[in-house]
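Below is one structure, written out as structure tokens; comments come after it.
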Amino acid sequence: MNRPPSAAVDLRIEGARVRDIPSLYAELNRVFMPDEDWTLAESLDALDDLLYGGFGVLARASSARVVWADATASRQALGVPLTRAYLAAKLERPDVYAAAPARAALDDLDRGAGKTYFDLVLDVFAGHPELDLVLA
């Protein structure tokens, strides 16, 4: 049965729970997918799909306010060292990942101009203006 969207929802990401990429997605699943019988994959593409609102708590929400508490802790956890390791792992799997974009991103990080995994997550949220993300 198709239900009309409900009012806006208020959500809270507990940034202190985020220590690495798996714990980030565990927290996102806790917040956005509590009543689903499956979990979001550890993927920025999967996060983007989630934020479009087709499933989880956003499935019937017209908009959402998401407070990311302790965002500084998450920013640190998902910072340059973790991002370097994430990109290096992609370079080790050229059969799955395109090496050139990963190498370019790693080079940008080494020059101090690259985006961290935290920045990439924020970029995904920014692509969804119906969501109000508040870093606290």
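Probe of 1.4 angstrom, ligands and nucleic acids ignored: what's the accessible area per residue over the chain, in square angstrom? Don't jump to the answer; show the numbers that get you there.
On the way: 7680 Å² over 136 residues.
Ligands and nucleic acids excluded, the figure is 56 Å² per residue.
Take the Cβ atoms of residue 14 and residue 44, set R0 to 22 Å, and the FRET efficiency comes out at 0.65. Sorting 97, 25 by accessible area puts them as 97, 25; the probe is 1.4 Å, largest comes first, and only protein heavy atoms count. Put simply, the amide H of residue 135, placed in the peptide plane, has neighbours under 5 Å in 68, leaving out anything fewer than 5 places away on its chain. Counting 0.36 nm for each residue step from residue 108 to residue 67 and taking away their Cα separation leaves a gain of 11.8 nm. Surface calculation, 1.4 Å probe, protein heavy atoms: residue 75 sits at approximately 110 Å² accessible.
When you restrict to C-alpha pairs under 8 Å that are six or more residues apart and normalise by the size of region 1-132, the relative contact order lands at 28 percent.
Kindly sort 90, 115 by accessible area of their heavy atoms, largest first, with the probe set to 1.4 Å.
Values: 90 45, 115 105 Å².
Largest accessible area first, the residues go 115, 90.
The Cα-based radius of gyration of region 3-136, divided by its Kirkwood radius, gives an Rg/Rh of 0.99. The accessible surface of the chain, taken with every protein chain in place and a 1.4 Å probe, is 51 percent carbon and sulfur.
Suppose the chain between residue 89 and residue 23 were pulled fully straight at 0.36 nm per residue; how much longer would it get relative to their current alpha carbon spacing? Show your work: numbers first, answer last.
Details: separation 66, 0.36 × 66 = 23.76 nm, distance 1.76 nm.
In short, 22.0 nm is gained.
Rounded to the nearest 20 debye, the dipole magnitude of the chain is 200 debye, with +1 charges on Lys and Arg beta carbons, -1 on Asp and Glu beta carbons, and the Cα centre as origin.
The values are calculated or read from the model by the stated rules, or taken from the named source; none is laboratory data. Since we're looking at a predicted model, the values are computed, not measured. Cβ: placed from backbone, ideal geometry, glycine included. Neighbour counts: every protein chain shown. Calculation scope for accessible area: heavy atoms of the full protein, side chains included, ligands and nucleic acids excluded. Shrake-Rupley method; radii C 1.70, N 1.55, O 1.52, S 1.80 Å.
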